[in-house]
Amino acid sequence: MADFQTSTHRQHWILSRQDLAQKYQIANQRAIQMLLKYGATRVEVQQDGSLVYPGTPLETERNGTERHTSLPEPLTIDEEFLIRRYYELKIQQVCAAFAFPNKIQATAVLFFKRFYLQWSVMEHDPKHIMLTCIYLSCKVEEFHVSAEELGKGIQQDPQVVLKNELTVLQGLHFDLIVYAPYRSLDGFLFDMENFVQGTNNSSTQKLQELKEAAKFVVDTVILTDCPLLFTPGQLALAALRKANLEERAVDFERYLQSLCDRHPKHTFKELTLTFDAIDTTVDVSRQPKEADLMPIDRKLKYCRNPGLQDESKKRERKVKHKSKRVSQDTSMTTTVDASPMYVC
Amino acid sequence: MGEGAAPKPPRPAWLQEYELVGKIGEGTYGLVYLARSKKLSSRGVKIAIKRFKQSKEGDGVSPTAIREIMLLRECMHENVVKLVNVHTNHLDMSLYLAFDYAEHDLYEIIRHHREKLSCSINQYTVKSLLWQILNGLNYLHSNWIIHRDLKPSNILVMGEGEEQGVVKIGDFGLARIYQAPLKPLFDNGVVVTIWYRAPELLLGAKHYTSAVDMWAVGCIFAELLTLKPLFQGLEDKSGPNPFQIDQLDKIFKVLGHPTPDRWPTIGHLPHWQQNKSLIQGHKYDNPGLHTVVQLSQKSPAYDLLSRMLEYDPTKRISAAQALEHEIVLNCIFWYSTSICSGTSIIVSVRGDRQILRYFRAEPLPGRNALVPGQPGEKIVVYPARPVDASTDFDGISSTQSSQIPSSNSAAATSASATAAPVGATARPHQQMPIVGIQRMQNTSMGTFNVNAQANIPVVPANMYLHRGPQQQQQQVHQQARRREAGNMQNTGSYQPPAKSRRM
């Protein structure tokens, strides 16, 4: 769709920072309440479409305080962010392993982000949702991969991929067209070619290198909150500005000025401030190390399925040992395997 | 948030939002139901609910449903069907798409004129329908969407109500965004029902454009004028992607042979090369589109039609251009100029030059295509869609008529539609479902009303009342109706034998 302005992406999925924070908070709070109420946070969708928290309902009035002490500790909002970020990177890795076109990973990451605007990772297992997002993204981008193929490639049961498909579609409110910044990048580079005067081989070459560098920047940018806060055009320009610091392919300020001259809706100052905001958001949200994630992941497992906690006390040493191995090995399959499946 | 111990409701909760009226269609993807909203804000509003079965290979939600949802969620235009809601059934992974209900479609309207009224569709209606189709298509194309499956049964027309006579382009199951596809568009197999398929597709073009939709509109325009499909080729169904020589043959017979002169890039098309002897060997004389559609070659309608049916897709008129279509008359002058300049139709004028615009000439197109603005015009009342009220939402029949074998499902349709009045209790039974009596409010339509009633004994509403050897013809009609009622793909007499669906 050419008209981004009237798109569902523009209308429903670009939020203010306040709204974004509020949504994360609501999801987190609800999961915590369910933990208090049912003793577990995971939610299941029944065949009639209704939701069920399959933990044992706790008689909070009478024995609440008693049980509280033994309840697993819920994730904080920040911890939830780290978990999501971990799986978003995983999406990129899986898509790269399958050599999918770039757009597919971008759409899948955006689907994942949009889904977890309404749900907490404590409610819907991010590992499963991640796979479903990839699968759905392939369908939407007309790059059809069967659930079986996808499952085989990552050593997962295809049913895991399929079982959440409707849930994810609903979580996305059936808004399926995603505008990734890569296409905007192409557009701006095309425009820059006209802008760079006396285009010769060396300047074309430089612009090409700038494009590749900017693509890498975008890959990182979409792992942050930025795609939920800014338009793809803003993200692409911010990435170009950042990449150009090293590549020095164009006089970016002059280019931006010419862009503003041609599109009087935007001012140089306003755009610069937007790019600064994007850069800052990217800088403050670094990729967590896997070793740091292990304790959070364990917390996540326990509050989704408290039964594991008691069992694990016996095997705690084993788990520790295992986590060490995992943190050294960053390959996708190992880590996916490393988190035990809580097939409900 | 359900309680863990609560007994499972047998059906999805959203079903309570609707009162099911019955089944109105069936396709490869699933079924279409008619329902009435029970919501306070829209109580009684008719909704068409399209159920998409899970894709067969155990691969989750149907890609056709996904495609239709994702495009229609972004679309907001008066001449594009409105997706009002999407519901899910987790039990069998099916999706239910709820649309604003359109009582008519061009397939039924054309058929009604051809078989019941035996008279052409009035100029005002043809022009209004065409204008609105183009208006919707222009919106889609400017949003980089190719419909790819335009045909009369996909052009819906709203029935009685605030939007009466408004065209809605429907069925986006094959539509695609053509802006930078990840795979060539060809990968999905050949699309567009063969009769409305553009010549570049028939000749094996791998990349095609929005011009394929304009070809289909041209075919629909001609069909509105003549009540017959313009190019009724026999589909070759051998193999995955057979060369459709008969369809091309039908086109060449009317439009003449395409030549590299008229279509410079034709030589690049696979089938033009591979089937040289088959296509190029044949001689086609008397190209006579104007005789087929019975229009003067100087009329703006003919000019517009011939530009839609231009062989070269790059020269074919676009939806936007068609809406602004004009023809400069004083032909000798114009043609000589255009040969000299090679391009423009700007002519230095003498007094006798005349610019004709199809859509600016009387009768002017209107929003209500079914009811002309001018008083005194006849108003045709089109039959309501047949409804099979014996069906349940899940496709399970629940009444006695369900005992009729499924191949006969429309026998159940007419029977049950008669027996179980569909929300219009005052409707005289014997006139169902041929004439939508409920919509008759205007006395000026008398003639047509009489016509329609005169038809009743010929085409009985309830076949059980009219069985007899002398009525073979009705049986044929009945069968056609029956097939259509049970099959949204319209395998009736004037529909292509089959269409290729991808995936």
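Rounded to whole Å and sorted largest first, list the principal axis extents of the Cα atoms in region B:29-139.
The Cα atoms of region B:29-139 stretch 49, 38, 31 Å along the principal axes, largest first.
Rg to Rh ratio, region A:103-251, alpha-carbon atoms and Kirkwood radius? Can you show the working numbers first?
Details: Rg = 18.2 Å, Rh = 16.8 Å.
Here Rg/Rh amounts to 1.08.
Return the subset of B:250/B:276; B:168/B:298; A:23/A:269 for which the Cα-Cα distance in this structure is over 23 Å, preserving the input order. Don't skip to the end; give the middle numbers.
Details: B:250/B:276 17 Å; B:168/B:298 31 Å; A:23/A:269 30 Å.
In this structure, B:168/B:298; A:23/A:269 lie more than 23 Å apart at Cα.
Compute, for region B:104-327, the length of the dipole vector about the Cα centre, with Cβ point charges of +1 (Lys, Arg) and -1 (Asp, Glu) only. Units Debye, rounded to 20.
Dipole magnitude for region B:104-327 comes out near 460 debye.
For a quick protection proxy, order the peptides B:261-268, B:101-108 by their average other-Cβ count within 10 Å, most packed first.
Packing order, densest peptide first, comes out as B:101-108, B:261-268.
Note down the magnitude of the dipole of region A:172-224 about its Cα centre, charges +1 on Lys and Arg C-beta and -1 on Asp and Glu C-beta and zero elsewhere, to the nearest 20 debye. Intermediate results must be reported in sequence, preceding the final value.
Numbers: 4 positive and 7 negative charges, 15 e Å.
With only Lys, Arg, Asp and Glu charged at Cβ, the dipole is about 80 debye.
Which log10 I(q)/I(0) values, to two decimals, does region B:104-327 give at q = 0.12 Å⁻¹ under the Debye formula with one point per Cα?
Taking Cα atoms of region B:104-327 as identical point scatterers yields -0.64.
Is there a simple number for the mean count of other chain Cβ atoms within 10 Å of the Cβ of residues in A:42-53, and what is it? Don't skip to the answer; put the middle values down first.
Values: counts 0, 2, 2, 3, 8, 9, 12, 12, 9, 2, 7, 4.
Counting other chains' Cβ atoms within 10 Å and averaging over A:42-53 gives 6.
Residues with amide H under 5 Å of residue B:105's amide H, sequence separation 5 or more or different chain, H placed in the peptide plane at 1.01 Å from N; which?
Under 5 Å from the amide H of residue B:105: B:157.
Explain nothing, just compute: Karplus ³J(HN,Hα) = 6.51 cos²θ - 1.76 cosθ + 1.60, θ = phi - 60°, for every residue of region A:270-287 in order, whole Hz, x for Gly and Pro.
For region A:270-287, the Karplus-derived couplings read 4, 5, 4, 4, 4, 5, 4, 5, 5, 4, 5, 4, 5, 5, 7, 10, 7, 5 Hz, x marking Gly and Pro.
³J(HN,Hα) across region B:250-259 via Karplus (A = 6.51, B = -1.76, C = 1.60, θ = phi - 60°), whole Hz, x for Gly/Pro?
4, 5, 4, 4, 8, 9, x, 6, x, 10
Given N residues in region A:235-301, what is its alpha carbon radius of gyration divided by 2.2 N^0.38 Å?
1.63
Which whole number gives the average, over all residues in B:58-71, of C-beta atoms from other chains lying within 10 Å of the residue C-beta? Present the calculation step by step, with values, prior to reporting the outcome.
On the way: counts 6, 12, 14, 8, 1, 5, 0, 3, 8, 4, 0, 5, 10, 3.
Counting other chains' Cβ atoms within 10 Å and averaging over B:58-71 gives 6.
Where does each of A:237-245, B:368-376, A:219-227 land if you order them by average Cβ count within 10 Å, highest first? It would help to have the intermediate numbers written out before the result.
On the way: A:237-245: 23.4, B:368-376: 15.4, A:219-227: 21.8.
For the peptides A:237-245, B:368-376, A:219-227, the packing ranking is A:237-245, A:219-227, B:368-376.
Along the principal axes of its C-alpha atoms, what lengths does region A:77-171 span, in descending order and rounded to whole Å?
Projected onto the principal axes, the Cα atoms of region A:77-171 cover 34, 24, 23 Å.
Using only the Cα atoms of region A:181-284, construct the convex hull and provide its projected area averaged over every direction, in square nanometres to one decimal.
Hull-based average projected area comes out at 6.0 nm².
By a straight-distance test (C-alpha under 14 Å), which aspartates and glutamates pair with residue A:37 as possible cross-link partners, with residues fewer than eight away in the same chain excluded?
A:59, A:61, A:66, A:73, A:123, B:3
Of B:127/B:206; B:23/B:228; B:53/B:237; A:103/A:206, which ones are farther than 30 Å apart at the Cα?
On the way: B:127/B:206 33 Å; B:23/B:228 28 Å; B:53/B:237 25 Å; A:103/A:206 24 Å.
Long pairs (Cα-Cα over 30 Å): B:127/B:206.
Can you compute the modelled spin-label distance between residue A:23 and residue B:296, with each label point 7 Å from Cα toward Cβ, in nm?
In this crude spin-label approximation the distance works out to 6.1 nm.
Counting only other chains, and only Cβ atoms inside 10 Å, what mean value do you get across the residues of A:118-128?
Details: counts 0, 0, 0, 0, 0, 0, 0, 0, 0, 0, 0.
That average works out to 0.
Mind listing the phi-derived Karplus ³J(HN,Hα) values for region B:223-228, rounded to whole Hz, using 6.51, -1.76 and 1.60 with θ = phi - 60°, and x for any glycine or proline?
5, 5, 6, 9, 6, 10
Sorted by average packing, counted as other Cβ atoms within 10 angstrom per residue and highest first, what order do A:125-133, A:267-275, B:122-130, B:13-21 take?
Ranked from most to least packed, the peptides come out as A:125-133, B:122-130, B:13-21, A:267-275.
Values in this text are rule-based calculations from the coordinates and carry no lab data. No experiment lies behind these values; they were computed from the predicted model shown. Positions of Cβ are backbone-derived with ideal geometry, glycine not excepted, and every protein chain shown enters the neighbour counts.
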